[in-house]
């Protein structure tokens, strides 16, 4: 693509210590700007991808891929039997989900109580892997619950302790609604990894939930393989029943949409860093062309073509862009792979908490490299650098050697 003489002259201009100091400074700033811009984009997109992956893992891992809600008089056992025989359904679980008040040691907290069939919940590999004490099968006993580790720590609860669940009864008196209270024994503790879930989720059996709340399952959670794209098939299979079928993406659309918008906005904002560095490439090359005007005239009189002159300065711009992108790529990858170590180190140095688990709901800063995003970022950086080099190169090629030598 480029002849050896063109590369030799271009690299001599680029690395020569005799260049004008101001031009070298602008070139250095262009290089640093591209490097930091590429690294920042890789880091930010990886962190946002990590948050999305963590959210999806928690939502899909716990609450299923597809939700089936009855919309009329429906026998959920028949629906469940139909789902169990579908080849792409790995598991179907009837669930009751009820907001409730929990009381322990004189303190109150709002929780969500999930009623499950213990035998089916035992087959839920993801949830069972998160039970760190006790067993799901203990829920077969009367008035028993599983609680999260954060709730246990906050209320100083242990295996065998009791919590009180408080719920408005369907019965009313002259004084108003009567509340129901019942003590439940803790027979298991789980650690889902999301602080909000571990503080507010309580699991019991469907039988216990039905006895206390006087209501059956509210919906069926379905796990499919693959986890996406199975909703239309389930809708078709359950067409004879009066049910509403929703996938996990529809049910959690606000959170997923917010992450998507945030990722796009951050990508646009951080791309401005690269754009500023690219403009610096234009400035440095224009001044380099002006500084090397006599050299260009001599090369032209020696027989070098206009295109060859243009390619010399194009190589200069490409060198800044490619080297800056490469260094930014390496810096970004190293940062992402060591992001948790870096976070802990910075927090130790500053003596403050940069990433609050209480605010973000997870225990560590997640980061997930998406090579498609990385390729897009690097390609964008190199492409913009090359495009920015065309105008100064064209200007250098258009110089008239006769006028300059006069």
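The values are calculated or read from the model by the stated rules, or taken from the named source; none is laboratory data. As the structure is a computational prediction, the values presented were derived from the model and not from experiment. Here the Cβ is made from the backbone with ideal geometry for all residues, glycine too, and neighbour counts use every protein chain on show.
Condition check: in a strand (DSSP E or B) and either more than 20 Å from residue 189 (Cβ to Cβ) or more than 31 Å from the chain's Cα centre (by Cα) (or both). Does residue 168 satisfy that?
Taking the combined requirement at face value, the residue satisfies it.
For residue 198, only one of the following conditions fails: (1) crowded, with 21+ Cβ neighbours inside 10 Å; (2) not in a helix (DSSP H, G or I). What is its number?
(2)
How many residues does region 122-133 contain that are modelled with pLDDT of 90 or more and buried (at least 18 other Cβ atoms within 10 Å of the Cβ)?
Total meeting the criteria: 1.
It is to be established whether one or more residues within region 364-379 are assigned by TED's automatic domain parsing to the domain that holds residue 296, touching a strand residue (DSSP E or B) at 6+ places or on another chain (Cβ under 6 Å) and either at pLDDT below 85 or over 20 Å from residue 274 (Cα atoms) (or both).
No, because not a single residue in region 364-379 is assigned by TED's automatic domain parsing to the domain that holds residue 296, touching a strand residue (DSSP E or B) at 6+ places or on another chain (Cβ under 6 Å) and either at pLDDT below 85 or over 20 Å from residue 274 (Cα atoms) (or both).
Does at least one position in region 78-92 carry a residue that is in the same structural domain as residue 204 (by TED's automatic domain parsing) and either closer than 20 Å to residue 213 by Cα or modelled with pLDDT under 85 (or both)?
no
With the requirement that a residue be part of a strand (DSSP E or B) and either without any contact (Cβ under 8 Å) to a residue 60 or more places away in the chain or not assigned by TED's automatic domain parsing to the domain that holds residue 110 (or both), what does region 132-144 give you?
Once the filter is applied, which keeps residues that are part of a strand (DSSP E or B) and either without any contact (Cβ under 8 Å) to a residue 60 or more places away in the chain or not assigned by TED's automatic domain parsing to the domain that holds residue 110 (or both), region 132-144 yields 132, 133, 134.
Name every residue in region 277-295 that is part of a helix (DSSP H, G or I) and out of contact with any helix residue (DSSP H, G or I) (no Cβ under 6 Å at 6 or more places or on another chain), in order of residue number.
279, 290, 291, 294, 295
Filter region 256-271 down to residues that are touching a residue at least 40 places away in the same chain (Cβ under 8 Å) and exposed (fewer than 12 other Cβ atoms within 10 Å of the Cβ), then give me how many there are.
Residues in region 256-271 being touching a residue at least 40 places away in the same chain (Cβ under 8 Å) and exposed (fewer than 12 other Cβ atoms within 10 Å of the Cβ): 0 in total.
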